[in-house]
Amino acid sequence: MSKFRNALLLCASVLVAGTACAENKSLGLGRPALPEEIKAWDTAVRPDGKNLPIGKGTVKQGDDIFQANCAVCHGEFGQGVGRWPELAGGQGSLTSDRPLKTIGSYWPHVSTVFDYINRAMPFGNNHTLTTDQVYAVTAYILSLNDVIKDDNFELNEKNLATIKLPNEGGFREDDRETAEKHFWGSEPCMKDCKTDVKITSRAAVLDVTPENKNGPKVE
């Protein structure tokens, strides 16, 4: 037993010493990122258009690019193929028991559409589209959702942030730090805590997803 106890004490000493070293010294690995390296990764596009790259593309151009690179999963008109996501339609469905969350019915900003395509699409072959092609595909998807109605409309870094998606007003800033602050406790309860808590059901048993039109109305 004494050998086992000594081994435990030795391990504890090593852990404490290691923690102290980590707090006071660097590990000697790597180096600070250079400004140009940070800039290369700082490509997130904001709703106000900041960080949009210079480029342009029309709805008509985007149609051809979409059919060649995107339609295999999303369908020719954004209707989705199999279990792949639908990109168009669904307007007015968010309060139904089966909401269809597409770019036209749910997404808040065009910048999010551009940014996601630019980073992650086409699936499994991302970063193969040029900046102009990303603008063109974004324009085509907007046309599928009747946000843009002219096939010759040219989307670019100057006008993208001026285009509004239908559900932009359905989003709001996260205000929980003020609206719900009165629910927060400064410290977790450690004694004399509430004990009359009764579990009435569990998610695995309680069917919260309606199967038909008789489900609860969503406000």
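Other residues lying with their Cβ under 12 Å from the Cβ of residue 50 contribute a combined charge of -3, Lys and Arg counting +1, Asp and Glu -1. Among the trypsin sites (Lys or Arg not before Pro) in the range 54-107, those placed in a DSSP loop whose Cβ has at most 11 other Cβ atoms within 10 Å are 83. In the range 35-170, taking the dipole from charged Cβ atoms about the Cα centre, the farthest positive-side position among 35, 47, 93 is held by 93.
Across the range 58-114, the fraction of Cα-Cα pairs farther apart than 17 Å, rounded to a whole number, is 45%. For the range 35-170, a Kirkwood hydrodynamic radius built from all Cα pairs, placed in the Stokes-Einstein relation at 25 °C and 0.890 mPa s, yields a translational diffusion coefficient of 162 µm²/s. Please label the shape of the range 158-212 as rounded, prolate or oblate, based on the square roots a ≥ b ≥ c of the eigenvalues of the alpha-carbon gyration tensor (a/c under 1.5 means rounded; beyond that, a/b larger than b/c means prolate, else oblate). Since a/c reaches 1.5 but b/c is at least a/b, the shape of the range 158-212 is classed as oblate. Each of 186, 96, 26, 143 has some number of other Cβ atoms within 10 Å of its Cβ, and from fewest to most they run 186, 26, 96, 143. Placing unit charges on the Cβ atoms of the charged side chains and taking the dipole of the range 98-206 about its Cα centre, the candidate lying farthest along the positive direction among 197, 129, 117 is 197. The fewest-to-most ranking of 127, 109 by surrounding Cβ atoms within 10 Å reads 127, 109. Applying a DSSP loop filter and a limit of 13 other Cβ atoms within 10 Å to the GluC sites (Glu not before Pro) in the range 24-125 leaves 76.
Values quoted throughout were computed directly from the atomic coordinates according to the rules given, and no laboratory measurement underlies them. Because the structure is predicted, anything quoted here is derived from the model rather than measured. Glycine also receives a Cβ, built like all others from the backbone with ideal geometry; neighbour counts cover every protein chain displayed.
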